[in-house]
1. Residues of the stretch 141-162 being in contact (Cβ under 8 Å) with a residue 40 or more places away in the chain, surrounded by 13 or more Cβ atoms within 10 Å (Cβ to Cβ), of a type in the set (D, E, K, R) and out of contact with any Lys or Arg (no Cβ under 8 Å at 6 or more places or on another chain), which ones?
2. Tell me whether the stretch 102-109 contains one or more residues that are surrounded by fewer than 16 Cβ atoms within 10 Å (Cβ to Cβ), within 14 Å of the ligand (Cβ to nearest atom) and modelled with pLDDT of 95 or more.
3. Evaluate the following for Glu74: is it within 21 Å of Trp172 (Cβ to Cβ), surrounded by fewer than 16 Cβ atoms within 10 Å (Cβ to Cβ) and acidic (Asp, Glu)?
4. Return yes or no: is Ala137 among the hydrophobic types (A, V, I, L, M, F, W, C), within 18 Å of Thr27 (Cβ to Cβ) and without any contact (Cβ under 8 Å) to a residue 40 or more places away in the chain?
5. Only one of these conditions is not met by Arg188: (1) among the basic types (Lys, Arg); (2) under 19 Å from Ala125 (Cα atoms); (3) without any contact (Cβ under 8 Å) to a residue 24 or more places away in the chain. Which number is it?
6. Restricting to the stretch 41-71, and then to whatever is within 10 Å of the ligand (Cβ to nearest atom) and small (Gly, Ala, Ser), can you tell me which residue is surrounded by the most Cβ atoms within 10 Å (Cβ to Cβ)?
7. Suppose we keep only residues that are touching a residue at least 60 places away in the same chain (Cβ under 8 Å) and over 12 Å from Val15 (Cα atoms) within the stretch 81-101. Which one would you say is nearest to the ligand (Cβ to nearest atom)?
8. Taking Arg97, is it of a type in the set (Lys, Arg) and in a helix (DSSP H, G or I)?
Amino acid sequence: MWVVYEAEKDNLVNVILMGPPGAGKGTQAELLAKRYALFHISTGDLLRKAILEKTKLGEAAKSYMDRGILVPDEVVIRLIRENLPQNGGFLLDGFPRNLKQAKALDEMLAKEGKEVTCVLNLNVAEVELLKRMKERARFDDHPETVLKRLEVYRHETEPAVLYYKEKGRLKWVDGAASVKEVNDRIQRELGAAQP
Ligand code: AMP
């Protein structure tokens, strides 16, 4: 468990939380960021905020989000570049969403002598995901959008998951349990992760 204690002390870990839409990334990210004092960045939350505030970024993102497809890479990569903390560990949720974003992140971090320490992929069966998304009723959770987002996940995001698997950074976490149980499982995986 030493990595966890080091992380609490020196913010040494940079974590990515991945998984299909509805897997519980947002909920778990908030808990983990607090627990390990990591800087939490959710591209989905940043984009939704931009839409509500009617900024240029929001304008650029809305039509993609309404359709359940990915906002263009250059937009989200810039968003990450502008929001990554200078010091301390971070927790990314919702980014990267494809191989191009994953590689852009690696390049961005390498320039600063940093790297992704651990990638957690929340695994939840599709029927359960559909049920969960029906219950949370977010503006981009219309039935057609939800199905599109699942398809986008399979075609675009899964290759990024495999990229981290090949790099030996990936940890699978069974996300079909209570928030507390999934959180415990994630903490066990983080405890076992090597920096
Ligand atoms: P999320 O809240 O992470 O489920 O994201 C909601 C929506 O925001 C997605 O369906 C995409 O349209 C957009 N989005 C969030 N993160 C990204 C990203 N890294 N790349 C492209 N689009 C994104």
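1. Residue satisfying the conditions is Arg149 alone.
2. Yes.
3. Values: within 21 Å of Trp172 (Cβ to Cβ): no; surrounded by fewer than 16 Cβ atoms within 10 Å (Cβ to Cβ): yes; acidic (Asp, Glu): yes.
No; evaluated as a whole, the condition is false for this residue.
4. On the way: among the hydrophobic types (A, V, I, L, M, F, W, C): yes; within 18 Å of Thr27 (Cβ to Cβ): yes; without any contact (Cβ under 8 Å) to a residue 40 or more places away in the chain: yes.
Yes.
5. (2)
6. Selected residue: Ala61.
7. By that ranking, first place goes to Arg97.
8. Numbers: of a type in the set (Lys, Arg): yes; in a helix (DSSP H, G or I): no.
It is false that Arg97 is of a type in the set (Lys, Arg) and in a helix (DSSP H, G or I).
The values are calculated or read from the model by the stated rules, or taken from the named source; none is laboratory data. Note that this is a predicted model, so its numbers are computed, not measured. With ideal geometry, Cβ positions are generated from the backbone for all residues, glycine too; neighbour counts draw on all protein chains shown.
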